There are 2 protein chains.
Amino acid sequence: MDRGEYSNHLEETIKLVNERLAKFRAKYNDDNAPYQQSCPDAMWYSLSAGGKRIRPVLLMEFCRIFGGSAEKALDSACAIEMIHTFSLIHDDLPCMDDDDYRRGKPSCHKQFGEAQALLAGDALECLAFEIIAADENVSFEQRVKLIQELSREVGVCGMIGGQIIDTCCTDEYSDERLLKMYALKTSALIEAACVMGCICAEAYDKIPFAREYACALGLAFQITDDILDITLTSEVLGKPIGSDADLGKQTYAAVHGVEAAAKKAEELTQAALDIAESFPDNEFIVYLTNDLLGRKF
Amino acid sequence: MDRGEYSNHLEETIKLVNERLAKFRAKYNDDNAPYQQSCPDAMWYSLSAGGKRIRPVLLMEFCRIFGGSAEKALDSACAIEMIHTFSLIHDDLPCMDDDDYRRGKPSCHKQFGEAQALLAGDALECLAFEIIAADENVSFEQRVKLIQELSREVGVCGMIGGQIIDTCCTDEYSDERLLKMYALKTSALIEAACVMGCICAEAYDKIPFAREYACALGLAFQITDDILDITLTSEVLGKPIGSDADLGKQTYAAVHGVEAAAKKAEELTQAALDIAESFPDNEFIVYLTNDLLGRKF
């Protein structure tokens, strides 16, 4: 597989996911009386705001390399993107990060109001589980295992747990606390994606390796985010690199400096690549892993 | 069954549910690092704030009358109470109803702050599905059907849909719109409770009757709520009965008057009782149905 083939496969996978998401939207428009239309509009606004679709792509790819068809993974891929989108909508709310913009567009609550944004997030969280429960391409047992995996990685011991740590003010910084927060806030849902791919393919013996890969990748991904946060700020606002540390913003890059953070992200990416080595038909995953580290936005 | 036996059975059922909820809390405390403790505290605060447990009781009772054991229904009963609690926490938030008190105690966000309340609601929504997916007392097929039913009645076509209608300002009032809002906001989760009880007992042929009963009961329940809202306000604040209508608060009782609303609630309760007539071993449900109409708080 050369880079062109990698890009094509990536684009095609994203297209499949986007088409399936559009199908769910159409179904929801049909099912709903006009009274409730505002909320599906808000859900769709955020769902289609141009994310990188990393989680659904990983889910689809893990299913594929372990022998499952795309059809078996597609609904789960949509479900995990809905969970990711729900978390972004709630994260942007005034009582959380209070962000007016997301991916260059007004955030959901700026566009639709706080109440509708809150409800759109709530509805997406629920819809993710509804979609998996109704997915007739996989067995009852697979659906239960998919929901177990997803709900665990979303809840207090997963993504939401990471947001709890992030929002609980504390004076004392520790690497342990920060890395725990990253593991939950970012890695947990990436882990769910990779593991759910294995479940869709009924490749249950591969789950431990998928977890290990995802944990390394998730951490590398978050630390890369930290670095971009500093360096992009530097370019755009003219702030000196690393100034976020002075503002008390506790990110790995802010605390340890960009250089040390870049080294850490590289080590973690290498760890992820080492595990990916053992996967069959792994060229796409290797490209993707390297790309996520090297990304510029 | 006399009233004393009814009260005993009600108390015992609520005790079973509360004990199981406490077990889940203990499990969560064990599983979590101290970093995330604030959110489980907020979840538990609202879960244990002294609700009437109507939905779990209905779920347990529908399972029982159709031949299922309490053990098969208990986790689902906890799950539906978690969903109900999540909806109350988010409903009380400043961007929604902005209520400082709930059941005589500070509401979740007044006690723990908005961010933790938002996350506690998110976590409870997710935990409900996690608990059902992990419930080994019922088959994979039952778990999938339980999650399908619950997620559908929670989402845009259910409870959340009702909240969307409630929060979308509109100038024009119609009975149709109001009753649709009630059917979604209140009846949907009561419907889920009754249907999930049937699923726990594998009494799939009873589901249509459970739905019909629940829709009538849910509507009667909401209209009774409206009436109490007016009459209790009248007693406590000395406002004249029906004055909410002047404030533009569009409830059935405010629009049609307390007398007409009471008559409507009675008709609906009778409709629910007529369906309950066909259920086996139905004395408890008959008592409960009458009690919900006649309640004073």
* Asked: Name the pairs: first residue in the stretch A:14-30 and at positive phi, second residue modelled with pLDDT of 95 or more, Cβ to Cβ under 6 Å, at least 6 apart or on different chains?
  -> none
* **Criterion: within 18 Å of the chain's Cα centre (by Cα) and at the interface with chain B (Cβ under 10 Å from one of its Cβ atoms) - qualifying residue of A:92, A:97** => A:97
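Pick from B:139, B:151: which is of a type in the set (S, T, N, Q), closer than 25 Å to residue A:27 by Cβ and modelled with pLDDT of 95 or more? Write out each step before concluding.
Details: B:139 fails: closer than 25 Å to residue A:27 by Cβ.
None of the other options fit; the residue is B:151.
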* Residue selected from the stretch B:238-297 under the condition in contact with a Phe, Trp or Tyr (Cβ under 7 Å, 6 or more places away or on another chain) and among the polar types (S, T, N, Q), by the criterion modelled with the highest pLDDT -> B:278
* **Residues within the stretch A:132-151 that are buried (at least 21 other Cβ atoms within 10 Å of the Cβ) and touching a residue at least 40 places away in the same chain (Cβ under 8 Å), tallied** => 8
* To do: Could you tell me which residue of the stretch A:35-69 is nearest to residue A:17 (Cα to Cα), considering only residues that are within 19 Å of the chain's Cα centre (by Cα) and without any contact (Cβ under 8 Å) to a residue 60 or more places away in the chain?
  => A:53
* Would you say residue B:196 is farther than 19 Å from residue A:123 by Cβ and buried (at least 24 other Cβ atoms within 10 Å of the Cβ)? -> yes
* Starting from residues that are farther than 17 Å from residue A:189 by Cα and among the acidic types (Asp, Glu), keep the ones in the stretch A:199-231 and report whichever is surrounded by the most Cβ atoms within 10 Å (Cβ to Cβ). => A:226
* **Residue satisfying condition, being on the phi < 0 side of the Ramachandran plot, in contact with a strand residue (DSSP E or B) (Cβ under 8 Å, 6 or more places away or on another chain) and among the hydrophobic types (A, V, I, L, M, F, W, C), within set B:88, B:124** => B:88
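Identify the residue in the stretch B:120-157 that is more than 7 Å from chain A (Cβ to nearest Cβ) and charged (D, E, K, R) and, among all such residues, is farthest from residue B:90 (Cα to Cα).
Initial filter on the stretch B:120-157 (more than 7 Å from chain A (Cβ to nearest Cβ)): B:120-121, B:124, B:128, B:131-132, B:135-139, B:142, B:145-146, B:149-150, B:153.
Next cut, charged (D, E, K, R) only: B:135-136, B:145, B:149, B:153.
On the way: B:135: 26, B:136: 30, B:145: 26, B:149: 22, B:153: 17 Å.
Across the stretch B:120-157, the extreme among qualifying residues is B:136.
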* Mind checking which helices (runs of 4 or more DSSP H) fall wholly inside the stretch B:7-111 and carry at least 1 residues that are modelled with pLDDT of 95 or more, acidic (Asp, Glu) and within 27 Å of residue B:286 (Cα to Cα)? => B:54-65, B:70-92
* To do: Look through B:184, B:178 and report the one residue that is closer than 30 Å to residue A:109 by Cβ, in a helix (DSSP H, G or I), within 14 Å of chain A (Cβ to nearest Cβ) and touching a residue at least 40 places away in the same chain (Cβ under 8 Å).
  => B:178
* Structure fact -> Going through (1) at pLDDT below 95; (2) part of a helix (DSSP H, G or I); (3) surrounded by fewer than 21 Cβ atoms within 10 Å (Cβ to Cβ); (4) in contact with a helix residue (DSSP H, G or I) (Cβ under 6 Å, 6 or more places away or on another chain) one by one, residue A:235 fails only at (4)
* Report yes if residue A:55 is over 27 Å from residue B:183 (Cα atoms) and among the charged types (D, E, K, R), otherwise no. => yes
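The values are calculated or read from the model by the stated rules, or taken from the named source; none is laboratory data. Please read these numbers as outputs of a predicted model, since none were measured by experiment. No Cβ is skipped: glycine too gets one built from the backbone with ideal geometry, and neighbour counts run over all protein chains shown.
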